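Novice: Structure in structure tokens, see below.
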Amino acid sequence: MGKSNTPENFLPRRSRFLPGWAILISIVSVMFCTSVAYGQGYGTISGIITDPTGALVPGASVTVTETGTGFTRAVTADSSGHYVVPNLRPTQYDLTVEAKGFEKSVQRHITLLADQAATVDFKLVVGSSIQSVNVTGAPPLVNTTNATLSDVVGQERIVDLPLNGREASQLINLVAGATGASPTVVTSQSSLPGAVSPSINGSRTDQTSYLLDGANFLDNYYNVNTPFPFPDALEEFSVQTQDYSTRYGENSGGVVNV
């Protein structure tokens with residue numbers, strides 16, 4: 001018997017499938033979107049570069065080196081001596097500043113936390129670029145870049161403090177302005193285990209945004225968090241409570257980035 005005269009049989013065989021180039025473009029697009037979402041949880045290091053008199057040093061070269069991997073990023077200070085290195089993952093860095101007519105200056109062991117906007121200023125010393133000034137004691141990183149109020153719950157507190165059911169999400173209560181972050185009791189009509197409903201600075205209990213490495217981390221039905229990773233696999237999480245960036249516009253409460 002012959003083939004039936006259905007619309008499908010009038011189409012060339014190759015038109016029933018996506019061509020290889022279309023599949024490749026789709027895969028690359030997904031990878032690109034994922035990398036952009038991941039980058040949203042990164043921090044920033046910025047500062048001002050001056051000479052011994054306090055005058056600004058424009059055009060200085062600033063190199064940021066990730067101490068654990070050796071990965072480097074280089075930027076150039078603008079005409080006002082200001083530099084910004086964005087999209088840095090939370091880890092430890094060394095900063096090197098070089099400018100013509102000044103000794104090389106190195107600031108070591110700068111620990112950048114999740115979602116942190118750290119300010120590291122440099123005062124260069126006049127001299128040969130062959131010489132260098134090394135600073136090993138890292139000062140406290142003060143945020144003078146924006147008005148965001150935030151706190152970071154690090155691995156030491158996650159591992160050492162007692163946790164009900166090993167749910168690290170309840171440690172949101174350690175942050176100033178946050179209350180009521182207690183894990184839910186699982187019933188047939190409740191959210192996922194480990195979900196919490198904190199009120200941050202008086203906001204409603206379902207108005208906190210959650211991200212995992214910068215990507216959305218919400219139970220969309222109840223608008224609460226999905227379970228945090230186990231404490232052994234969780235490095236830290238930050239809680240932004242006030243004046244955070246407009247890119248976190250989903251809820252009116254705080255922003256938790258795991």
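Derivation of every value follows stated rules applied to the coordinates shown; laboratory data play no part. As the structure is a prediction and not an experimental result, all values here were calculated from the model. Cβ coordinates were reconstructed from backbone atoms using ideal geometry, including for glycine residues, and neighbour counts include every protein chain displayed.
Novice: Using a 7 Å offset from the Cα along the Cα-to-Cβ direction at both S79 and T67, what is the distance between the two label points in nm, to one decimal?
Specialist: 3.7 nm
Novice: If amide hydrogens are placed 1.01 Å from N in the peptide plane, which non-local residues have theirs closer than 5 Å to the one on A195?
Specialist: Sorted by chain and number, the residues that satisfy this are T184.
Novice: Name the long-range amide H neighbours of Y93: under 5 Å, sequence gap of 5 or more, or other chain; modelled H, no Pro or chain starts.
Specialist: When sequence neighbours closer than 5 places are left aside, the close amide H contacts are T67, H109, I110, T111, L112.
Novice: Using 7 Å Cα-to-Cβ label points, what is the D232/T119 separation (nm, one decimal)?
Specialist: Inter-label distance under the simple model: 4.2 nm.
Novice: Expressed in nm to one decimal, what extension gain is obtained for the pair R108 and A55 from 0.36 nm per residue of sequence separation less their Cα-Cα distance?
Specialist: Between R108 and A55, full extension yields 16.7 nm more.
Novice: Report the calculated FRET efficiency for V159 and R247 (r = Cβ-Cβ distance, R0 = 22 Å), to the nearest 0.05.
Specialist: Using R0 = 22 Å, I get an efficiency of 0.10.
Novice: Quick one: which residues, 5+ away or cross-chain, put their amide H under 5 Å from the amide H of G47? H built at 1.01 Å from N.
Specialist: Y83, V120
Novice: So how strong a dipole does region 148-258 carry about its Cα centre when Lys and Arg Cβ are +1 and Asp and Glu Cβ are -1, to the nearest 20 debye?
Specialist: It works out to roughly 280 debye.
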